[in-house]
1. Please identify every one of the trypsin sites (Lys or Arg not before Pro) in the stretch 10-56 that sits in a loop by DSSP and has no more than 10 other beta carbons within 10 Å of its own beta carbon.
2. Quick check: residue separation of residue 29 and residue 135 times 0.36 nm, minus the Cα distance between them. What number comes out in nm?
3. For the stretch 4-64, just list the percent of Cα-Cα distances falling in each 10 Å bin from zero outward, please.
4. When the chain is treated as a GNM, springs tying every alpha-carbon pair under 10 Å, which of 108, 43, 20 comes out with the largest mean-square fluctuation?
5. Two decimals is fine: what is log10 I(q)/I(0) at q = 0.16, 0.18 Å⁻¹ for the stretch 78-170, from a Debye sum with one equal scatterer on every Cα and no solvent?
6. With a 1.4 Å probe and every protein chain kept in, tell me what percent of the accessible surface of the chain is carbon plus sulfur.
7. Report the GluC sites (Glu not before Pro) located in the stretch 34-84 that are in a DSSP loop and have at most 13 other Cβ atoms inside 10 Å of their Cβ, or state none.
8. Quick one: if you stick a label point 7 Å off each Cα along the C-beta vector at residue 40 and residue 5, how many nm between them?
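The values are calculated or read from the model by the stated rules, or taken from the named source; none is laboratory data. Values in this document were obtained by computation on a predicted structure and should not be read as measured data. So basically every Cβ, Gly included, is an ideal-geometry build from the backbone, and we count neighbours across all protein chains shown. Just so you know, the surface numbers come from the protein's heavy atoms only, side chains and all, with ligands and any DNA or RNA stripped out. Shrake-Rupley method; radii C 1.70, N 1.55, O 1.52, S 1.80 Å.
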Amino acid sequence: AEIVIRKAEAGEITARLIGLIISESASPRFGTESVIERLCDSLFILVVRHCIEKGLVRHGVFAAMQDSRLATVLQLIHEQPWHRWTIAEFCSRAGLSKTVLTDKFQKLIGASPVEYLTDWRMQIAARWLRESNMTIDRVAERCGYDSVAAFSKAFKRSFDVSPGAFRRSA
């Protein structure tokens, strides 16, 4: 998918940010890559903001973040994915019933809060499995699993391969 933002719609901040990126890349100096990376992060946020404000984002995490109660749950998941979260804890923190929370998540994200948490953990696990210094035992522990077997089962459900096979293919 492509997002086209016309200059007239971009706003002054976005235009200045693009100008800074162009300027920084035109004359590389110490730290140029880091500066461009940070500027691009900011540009990404501005583009997402533009899409939300124009009503172009109706599903997914960014749409869910517009609801402060769902944003609370998403923040908990993203900041502490290895915590042993329960649906009851999510409901308590968000001030929503289990049915409402699950329905809102399903409608906007396409998964229940627990499914989303598991998917997020597996994405983190996949990144860690690509690092040679992380054992599968350590990845399982850091992802909040009591056993390697439970972690391996969850990982295989997400990626259709075992953690070991994933690591070998990465």
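1. Those that pass, being in a loop and sparsely packed, are 29.
2. Net length gain for the segment: 34.3 nm.
3. 21, 43, 26, 9, 0
4. 20
5. -0.68, -0.81
6. Answer for the chain is 53 percent, counting heavy atoms of protein chains only.
7. Taking the stretch 34-84 and a limit of 13 other Cβ atoms within 10 Å, no loop GluC sites (Glu not before Pro) are found.
8. 1.6
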